[in-house]
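For reference, the structure is listed below as structure tokens.
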Amino acid sequence: MQKVGKLAVLGITALGLALAGPQDNSLVIGASQEPRVLAGDFLSVISNQSIKSEIEQYLFAPLIGFNANSENFPVLATQVPTQQNGRLRVTDIGGGKKRLEMDLTIRPDARWSDGKPITTEDVQFYFEVGKAKGMPVLNPDYWERVNLRVKDARNFTVIFEPAYYYDTYGSPIGYAPKHIMGPEWEKVKAAARGLDSDKDAEKLNELYRNFFLKFATPQALNRGAMVYSGPFKLKRWVPGNSIEMERNPNFPIKPEGGESKYVQKVVYRFIQNTNSLLVAVIGGSIDATSSVSLTFDQARSKQLTSRAPGRFDIWFVPGAIWEHIDINKFENCQTVRDLGLNDKRTRQAILHALNREGLVKAFFDGLQPVAHTWIAPVNPLFNPNVKKYEFDLKKAEALLAEMGWRKGPDGILQRTVGGRTVRFEIEYVTTAGNAIRERTQQFFAEDLKKIGIAVKINNAPSAVVFADDYIQRASECKWTGMFEFAWVSNLQEDGGLFQYKNLNTGAIMVPTKENNYQGQNIGGWRNDEFDRLTSQAVLEFDEAKRKALFARAQEIWAEELPALPLYFRANPYVVRKGLVNYVASAYSGGYGYPGWNAWEIGWESRGAVKKWDQAKYALSVK
Amino acid sequence: MFAYTVRRLLQMIPLLLAASVVIYALLALQPGDPLDELRRQNPRITAEQFEALKRAYGLDQPLHIRYFKWLSRAVQGDLGYSRTYGIPAAEYIFVQRLPKTLLLSGLALTLALVVAIPVGVFSAVRQYSLADYAITFLSFVGFSMPVFFLGILLLYLFAIWLPDHIPGFPRFPTGGVPGVLWEDVRSGAISFWYFLGQWAWHLILPVIALSSLQMAEWTRFMRASLLEVLSQDYIRTARAKGLSERVVLYKHALRNALIPIVTLVGLAIPGVLGGATITETIFSYPGMGRAIFDALVEKDYNVAMAALAFLALMTALFNLLADLAYAVVDPRIRYS
Amino acid sequence: MAMASLVVIVLLVLMALFAPWIAPYDPTAQPTGEDVGAYYFLPPSPEHPLGTDDLGRDVLSRIIYGSRISLLVGFAVAFSSVILGTIMGTLAGYFSGRPLRFYLGPLRREREGFYPWSFALWRVFSWFLYYGVLYLALSIAWALAKDGIQAGSPGSYLGFGLTLALVLWAAWFGLKGEIRLDLDVAISRLIDFMLTIPTLPLLLVLSALLRDPGVKVGQWAQGVFGDAASVFIIIAILVLFGWLGTARLVRGNILSLREQDYVTAAQALGATDARIMFRHLVPNTLAPLIVQATLQIGGAILTEAALSFLGFGIQPPVATWGNMLTNAQEYIFTAPWLALPPGFMIFITVLAFNYLGDGLRDALDPRSRL
């Protein structure tokens, strides 16, 4: 009898999981990563995981949001500052540099979840903490340029100097609950008074981290140590399992038809192993997947797609993650000179020999598009009219023949350089354990073999290849050929990935011993016109002019090919039918996560009104 | 014996010091540092800003200075903060992860023992019977099955295939821990039995996967050990005295046969504490193995150091205990 | 069963040796033509008895070629570990309780015995070692205390003073002293120490070191093994941890064997230590060693597979059962049949070696019934 009882309990639990969704107007989101901390770590000093930013969209509303169409819209601010309404002013400060001022007004009905109004005090508090000496912020560039002027309890001005065009994207500043965190901060300030930001950097760091932690750990949040300003507030966090959030009645924006018609409870379920996560999705205990969840292949697997009709939509949101092969172009490396990698013709020949169209079709059913420059097609700065390199072995062979390469006895190209005969054997590095990259690598190795280029695969775990003393040291010939990896192609594009020198800051972007291996231009490309165009473009607040500058920069890039563009990744989402406004686009919310409009997410069967259609921003699996 | 113990304990000190040096050096010599990822995520960071961050995390100092700083804090019981979780490394390892690992690996160990001993005894008593051959075969299967293969197989079978093909078959959870808190039991929101049931339900598959190897190994050992004892003279004497087979078996033979098993179990305990990286990975279980692996990959030095140093200590300690246990159970072994 | 498993093993070895003749396709050949995607993830069919993988390669051929690496890893690891373990275990057991003179101070006069020049050389070398360590300790202490001393902190003065005193004492002791080293204690503690070293960080570090162009070993491995350099690295790492068990086993055996009469007799006849160890003692421990080796072969194959699972295994395009199984895991929902062949091969091979080891034990040591 007892046994039967136990089994019944277990059965009900299994059933209970499956019952989530429209039945109780809740939403269960599956994610493969769990945030380490939340909420109180408002500067992301402790953790800057993407899952943290994604979940915080439910808990904190920005002053100005960024929607799926990549447009600003007011959330807790009354208006978006524009030049038309006079709230955005750009002034010249000489040397081609600009100053930007933005006037913002906080909504009168903006309140924290404990009922206290959100005021400029909270903005000021955020600003003060961010500017504190020795604060280990992750975006020091922003904090060096930003300034704040408070007018009254609801009005303030944010100033950037020098200003770049992307400072107008989304909220120019954040806020944090002073009435909750302020007293603790005073203690921290007192303790930090005697410390020097250089000599006692480690002590300061520890002090600050402890401060954020008091409002950020699962234990603290379960105790109710934090207040929220978003459409949801945290109810409880079971580490290793889930985070449960419930509707925040103090959130001022009401969705169409009243908030009772929309999701009342959001649960993030954490299942680290993506295969297990897929099993949970198939089993029906998950309504939607997070931006950090299934892999591309899992989302296309037959097990899922065969069960999808009538139950799920499977979306592929074209993303901004740019998969590419960088090439060592440092002439001081013998191999680079031998293979002529510093000559654009060699790079063009290799790109002609890579069957990227075939790969995209065979691997991804065409759902991830071939890339032609480093800027994503979803970015307004993208130039579609650059030189394109179709798969053409004849052209590749012709270019190589021009460089003096002839087929050797073993079928591998060879040529004479300075009296020595060299074989065309090129190193190809990528992250071991990344199935799709290793697969891509073997696919391309086969292509290159056809034109007589031998590939030497040299992979290692990402911790090894992305280490400072490997990836940043092409100048010391640590890697001598091709290096496949990905960059996130930001909406805030500044060309920094391929600049030799940033003319605005004077920083050298090619990592060498001289600049302590800083900079992202790891292959060592230098084109002065490119530097000039991109440095000028970030100062340009006129969109048309900026586009023209970037269009020219992309033409140069595509002709010179400092790196070989492969494809742009797409992020897969599985969403239960009937769930509306759970929508992601490449840049929604700033990073491209769903949940930027959390208050509008709901079930159609519960009366939620569809306002955003995912089909506009994504491809669906056939 | 006492002198020997003291000497071994004293020898442990340099041993552990050496181990901590090597572990620390290995961690620090690992390619890259914790700020690499940050640099990749934030292209606009300048060299000076990066140096300032390095100072803030104490990464600008040479290796030996960092080690001695760590050591002097560690002996005072301060293991530093986890860089990624933000909480004290000791709390993360010993409060959050170790109990979960003890639960999973401990249950697996217990299950392995509970099955292995009676099955091993049965197999020895019925030596060369059909059942004995079957058990032998099964235990070799257990030995030879890669645990990750078994784990994936179990997952696929019990979470997808069987529930899909047999109506009414319960769908097993795919991993992780249940969404119930002990506080809920205390506040009366859920019953204790429900809490227990939830945990049991989530632990079934990982415990099976994890225990199979040890179960197989110990079954073999139990069988061998009992057979060895049964061939001894004193058992023959006991039988000759006319004692019943039951008494001979359970009173005389089994006791002595259990001794080597006890040592084996003792030696297995540090492994238990270290968690099972692979099983924990497959079943998304937040235990020690995964914690160490993640800390290594994410370069969360304090956490990795705390966990690995603790494991080194436990390994050394249980090694010593096993050696001493030998001496206690077998008086012929003398330590000078 | 042992005979059956021997047959299985012989078949496996033959398969590995004659892979190019048995395999129906080139294990790395990818399909060519327009729509290559149509050849990916084919389920088993007469052309491809085990189907094709994520790049359209024939799984059967890859399994056959994979046996080469898996068996190579198994045999190489077992063989090297047993050799290394035997040497270490024999030294530890034989010299237990007979400490070697490890260090002799420069002022210490030896009253008895004759020392060849090589010993003198070792003596000088050991002085350099000894005083080098002292110098290092002092410089570390100075680096630690420098800031504090400049700031006038009493703690730093005290710490540095104490270290200085200690180093001076050790330096004085080193002049006239002698350090004796019990090989048994040294090796036993080394084993204990190795057991406390975590494998994972070691793998990460080695993996980085071995691909650094500045490090010769890595370059050498790349040169000698080419694509299979990672095989060599894996073998080296597995051996590094593999000899410990054997050494313990051998040490125990030697400890009891050296008390036997025939050893005393050999010593009385003036046999050298080396002769006694390797002509008289080691052959008598062979039986358990062979058993240990067969079990270790299976263990090494399993460990290689587990390393692949964690991302530290042997790299593509070299096919091993371990990396095939790991790769199949990625596609367990797209092509579940990919996981079975490598999983089954690992299983059957390890099973065969375990049965063989078991059978050998019965045959070689009739008393043991494990």
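Every condition in (1) assigned to a helix (DSSP H, G or I); (2) closer than 18 Å to B:Leu308 by Cα; (3) free of Cβ contacts under 8 Å to residues at least 40 places away in the same chain holds for B:Arg55 except the one numbered (2). Candidates in region A:448-472 are the residues that are assigned to a loop (DSSP other than H, G, I, E, B) and at pLDDT 90 or above; of these, the one that is farthest from A:Asn571 (Cα to Cα) is A:Gly452. Scanning region B:51-69 for residues that are more than 9 Å from chain A (Cβ to nearest Cβ), buried (at least 16 other Cβ atoms within 10 Å of the Cβ) and under 26 Å from A:Gly519 (Cβ atoms) yields a count of 1.
Among the listed residues B:Ala200, B:Ala116, B:Ala108, which satisfies the condition of being part of a helix (DSSP H, G or I) and within 10 Å of another protein chain (Cβ to nearest Cβ)? The unique qualifying residue is B:Ala200.
Just one of (1) out of contact with any helix residue (DSSP H, G or I) (no Cβ under 8 Å at 6 or more places or on another chain); (2) assigned to a loop (DSSP other than H, G, I, E, B) fails for A:Ala445. It is (2). Checked against the criteria, A:Ala467 counts as touching a Pro at 6+ places or on another chain (Cβ under 9 Å), within 14 Å of chain B (Cβ to nearest Cβ) and crowded, with 17+ Cβ neighbours inside 10 Å.
Where helices (runs of 4 or more DSSP H) fall entirely within region B:233-305, those with at least 2 residues that are within 12 Å of chain A (Cβ to nearest Cβ) and farther than 24 Å from B:Leu150 by Cα are at B:288-298.
Against the criterion of being closer than 30 Å to B:Tyr81 by Cα and modelled with pLDDT of 80 or more, B:Ala291 qualifies. Residue check: A:Glu256 meets all listed conditions (1) in a loop (DSSP other than H, G, I, E, B); (2) buried (at least 22 other Cβ atoms within 10 Å of the Cβ) but one, namely (2).
Annotation: of all residues in region A:314-370 being charged (D, E, K, R) and in a helix (DSSP H, G or I), the one that is nearest to the other protein chains (Cβ to nearest Cβ) is A:Lys361. For region B:155-200, give me the residue count where each residue is among the hydrophobic types (A, V, I, L, M, F, W, C), out of contact with any Phe, Trp or Tyr (no Cβ under 8 Å at 6 or more places or on another chain) and surrounded by fewer than 19 Cβ atoms within 10 Å (Cβ to Cβ). Result for region B:155-200: 12. Restricting attention to region B:218-265 and to residues that are acidic (Asp, Glu) and farther than 30 Å from B:Thr315 by Cβ, the residue that is surrounded by the fewest Cβ atoms within 10 Å (Cβ to Cβ) turns out to be B:Asp233. Selection of strands (runs of 3 or more DSSP E) fully inside region A:55-154 by the criterion of at least 3 residues being among the hydrophobic types (A, V, I, L, M, F, W, C) returns A:88-94, A:97-105, A:146-150. Just one of (1) crowded, with 23+ Cβ neighbours inside 10 Å; (2) among the polar types (S, T, N, Q); (3) at pLDDT 90 or above fails for A:Ser475. It is (1). Among residues of region A:261-286 that are over 25 Å from A:Ser306 (Cα atoms) and more than 7 Å from every other protein chain (Cβ to nearest Cβ), those with a beta-carbon under 6 Å from a residue that is part of a loop (DSSP other than H, G, I, E, B) and of a type in the set (Gly, Ala, Ser) at least six positions away or on a different chain give the pairs A:Lys261/A:Gly607; A:Lys261/A:Ala608; A:Tyr262/A:Ala608.
Among the residues of region A:607-622, just one is crowded, with 19+ Cβ neighbours inside 10 Å and in contact with a helix residue (DSSP H, G or I) (Cβ under 6 Å, 6 or more places away or on another chain), namely A:Ala608. Looking across region C:281-313, the residues that are facing chain A (nearest Cβ under 10 Å) and either free of Cβ contacts under 8 Å to residues at least 60 places away in the same chain or out of contact with any Gly (no Cβ under 7 Å at 6 or more places or on another chain) (or both) come down to C:Ser308, C:Phe309, C:Leu310, C:Gly311, C:Phe312. Note on region A:166-208: residues that are more than 14 Å from chain B (Cβ to nearest Cβ), farther than 17 Å from A:Phe125 by Cβ and either touching a residue at least 12 places away in the same chain (Cβ under 8 Å) or of a type in the set (A, V, I, L, M, F, W, C) (or both) total 4.
Any residue that is closer than 19 Å to A:Phe443 by Cβ, of a type in the set (Val, Ile, Thr), surrounded by 15 or more Cβ atoms within 10 Å (Cβ to Cβ) and in contact with a strand residue (DSSP E or B) (Cβ under 9 Å, 6 or more places away or on another chain) - is there at least one of those in region C:24-36? No, because not a single residue in region C:24-36 is closer than 19 Å to A:Phe443 by Cβ, of a type in the set (Val, Ile, Thr), surrounded by 15 or more Cβ atoms within 10 Å (Cβ to Cβ) and in contact with a strand residue (DSSP E or B) (Cβ under 9 Å, 6 or more places away or on another chain). Just to be sure before I move on: is A:Thr512 part of a loop (DSSP other than H, G, I, E, B), more than 14 Å from chain B (Cβ to nearest Cβ) and in contact with a helix residue (DSSP H, G or I) (Cβ under 7 Å, 6 or more places away or on another chain) in the structure I sent? Taking the combined requirement at face value, the residue does not satisfy it.
The values are calculated or read from the model by the stated rules, or taken from the named source; none is laboratory data. Owing to the predicted nature of the structure, the values given are computational and were not obtained by experimental measurement. With ideal geometry, Cβ positions are generated from the backbone for all residues, glycine too; neighbour counts draw on all protein chains shown.
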